[in-house]
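Chemist: Can you keep this structure in mind? I'll have questions shortly.
The values are calculated or read from the model by the stated rules, or taken from the named source; none is laboratory data. Not measured: the values here are computed from a predicted model. Virtual Cβ from ideal backbone geometry, glycine too; neighbours counted across all protein chains shown. Heavy atoms of the whole protein, side chains included, go into the accessibility calculation; ligands, DNA and RNA do not. Shrake-Rupley method; radii C 1.70, N 1.55, O 1.52, S 1.80 Å.
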Amino acid sequence: MASARDWLDRIRRLPLPPRVRIMNVCGGHERSITMAGIRGALPHAIELIPGPGCPVCVCPEEDVYQAIQLALNEDVTLVAFGDMLRVPVNAPKKDPRSLEQAKAAGADIRPIASPVEAVRLAQANPDRAIVFFAAGFETTTAPVAAMLAEGVPSNLSVLLSGRLTWPAVAMLLDSETPGFDALVAPGHVSTVMGPEEWRFVVEKHRIPAAVAGFTPESLLAAMYSTLRQLIEGRPFLDNCYPEVVRPGGNPTARAHLARTLDVVDANWRGVGIIPRSGFAIKETLAGHDARRRFPSYEDPSRKRAGQMPPGCDCARVVLGKIYPNECVLYGRACTPRHPIGPCMVSDEGACRIWWAAGVREPHEPARTASVPG
């Protein structure tokens, strides 16, 4: 395979238009791009725009709030992937604003790294109700589905906040101002669901697309492919991650998802309802659905589209409308130590990634922001 330098040389030799906007959907892609300094190495005509690839960032506020209240008011042990513990909600200062603060207030809340840990905890504590707050995209929802399909202890239930990636991109493309000219599609999601999910980008919208892995070589190969497609006016879906991504995806993972979960309309934090963009536990598994098993602590008023904290522009960062350091809170009120919005919490959040790369100062003018690398 060609080296990263080779791909950069090929890109630099292309007859580029004055401006090309390439969106990378995956938070892992954004981390690789930023940490490798790819933005700074590319010709100035190319803009790399981070897109809606952070599941922690789009997890609805009402779901985080419900998890907090469930842990505080019921005799349960609540477990969640580590990033979720620090996601803030809008609440009075006297009340816990995150699962981390609820834990400090006395709730039994524990971080886990995989569904296997939730099962083991339930098996080790058969007389204790265990609630697994599971937020994530297809890549992390598939193991949750496999856990349910294989059978779990009766004392384990799931508070599911799973989302599908492609509907958010479809929503952007169906809008009047999609904001990008080409797409680098997510590698891990395509590994599970198959690259075919992204055909609509090319077939319906005539926008170049390529699936990429996480090395600079794979990412640059995908960028080169989309640029060639754009220049030649010949858009197609390319697979630049063939060692992992196969046609049809992972049939076992997809079977588990189909067997245990339904696809439903779902709310995305700060964005609103996106049709058929979420997962819900099937009625046949109602005994393991925390939403059915425990009293509802949902607050209907939290289902408004704009549920980011006041002043937080995380939703526009997620949708690729602004760069992270164009948010007025970035580097001022909002830092990883004291995050205001979820984009500064997660390792897949663009704000946290940019901060880790050394971008510490906010920048006001739209689309002229200083970029890492």
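Chemist: If HIS29, HIS288 are ordered by their accessible area, calculated over protein heavy atoms with a 1.4 Å probe, which sequence runs from highest to lowest? If you can, show how the numbers build up before the last one.
Modeler: Values: HIS29 0, HIS288 40 Å².
Putting HIS29, HIS288 in descending order of accessible area: HIS288, HIS29.
Chemist: Once phi is turned into θ = phi - 60°, what whole-Hz ³J(HN,Hα) does the Karplus curve with 6.51, -1.76 and 1.60 give for every residue of segment 340-356, x standing for Gly and Pro?
Modeler: 8, x, x, 5, 9, 8, 7, 5, 9, x, 4, 5, 5, 5, 5, 4, 4
Chemist: Rounded to whole Hz and in sequence order, give me ³J(HN,Hα) for segment 156-164 from the Karplus expression 6.51 cos²θ - 1.76 cosθ + 1.60, θ = phi - 60°, writing x for Gly and Pro.
Modeler: 9, 10, 10, 9, 8, 9, x, 9, 9
Chemist: Something else now. How many angstrom lie between the Cα centre of segment 112-138 and the Cα centre of segment 177-200?
Modeler: The two parts, judged by their Cα centres, are 30 Å apart.
Chemist: For segment 163-236, state the average projected area of the convex hull of the C-alpha atoms over all orientations, rounded to one decimal in nm². Please report the intermediate quantities before stating the final value.
Modeler: Values: hull surface 19.6 nm².
About 4.9 nm², averaged over all directions.
Chemist: Kindly count the pairs of lysines across the chain whose alpha carbons are less than 28 Å apart, treating pairs on different chains or eight or more residues apart as eligible.
Modeler: Values: LYS93/LYS103; LYS93/LYS303; LYS94/LYS103; LYS94/LYS303; LYS103/LYS303; LYS204/LYS321; LYS282/LYS303; LYS303/LYS321.
Final tally of qualifying lysine pairs is 8.
Chemist: Filter the trypsin sites (Lys or Arg not before Pro) in segment 214-287 down to the DSSP loop ones having no more than 16 other Cβ atoms within 10 Å, then list what survives.
Modeler: Numbers: sites: ARG228, ARG254, ARG259, ARG269, ARG276, LYS282; in loops: ARG269, LYS282.
When the trypsin sites (Lys or Arg not before Pro) of segment 214-287 are filtered for loop state and at most 16 Cβ neighbours within 10 Å, LYS282 remain.
Chemist: Continuing with this model, one more query. If we count every other residue with Cβ under 11 angstrom of ASN155's Cβ, Lys/Arg +1 and Asp/Glu -1, where does the sum land?
Modeler: +1
Chemist: Note down the net charge around ALA118, summing +1 for each Lys or Arg and -1 for each Asp or Glu among other residues with Cβ under 15 Å from its Cβ. Working shown, then result.
Modeler: Numbers: positive: ARG110, ARG120, ARG128, ARG293; negative: ASP108, GLU117, GLU150, ASP289.
Result for the neighbourhood of ALA118: 0.
Chemist: For ALA135, enumerate residues with amide H under 5 Å from its amide H, sequence gap 5+ or separate chain, H modeled in the peptide plane.
Modeler: PHE81, SER161
Chemist: How much mean residue ellipticity at 222 nm does the chain get from its helices, if each DSSP H run of length 4 or more adds -39500 (n - 2.57) and you divide by all residues, to the nearest 500 deg cm²/dmol? Working shown, then result.
Modeler: Working: 16 runs with 132 residues, N = 373.
About -9500 deg cm²/dmol.
Chemist: Could you pull out the trypsin sites (Lys or Arg not before Pro) across segment 1-94 that fall in loop regions by DSSP (anything but H, G, I, E, B) with no more than 12 other Cβ atoms inside 10 Å? Each step should come with its number before you reach the end.
Modeler: Values: sites: ARG5, ARG10, ARG12, ARG13, ARG19, ARG21, ARG31, ARG39, ARG86, LYS93, LYS94; in loops: ARG13, ARG19, LYS93, LYS94.
Listed in order of number, the matching sites are ARG13, ARG19, LYS93, LYS94.
Chemist: Also: Check each of the trypsin sites (Lys or Arg not before Pro) in segment 181-225 and keep only those in coil by DSSP with at most 16 other C-beta atoms within 10 angstrom; list them in order. Numbers along the way, then the final one.
Modeler: Working: sites: ARG199, LYS204, ARG206; in loops: LYS204, ARG206.
Taking segment 181-225 and a limit of 16 other Cβ atoms within 10 Å, the loop trypsin sites (Lys or Arg not before Pro) found are LYS204, ARG206.
Chemist: Under the Karplus relation 6.51 cos²θ - 1.76 cosθ + 1.60, θ = phi - 60°, what is the ordered set of whole-Hz ³J(HN,Hα) values for segment 220-235, x standing for Gly and Pro?
Modeler: So the Karplus estimates, Gly and Pro as x, are 5, 4, 5, 5, 4, 4, 5, 5, 4, 4, 5, 5, 7, x, 9, x Hz.
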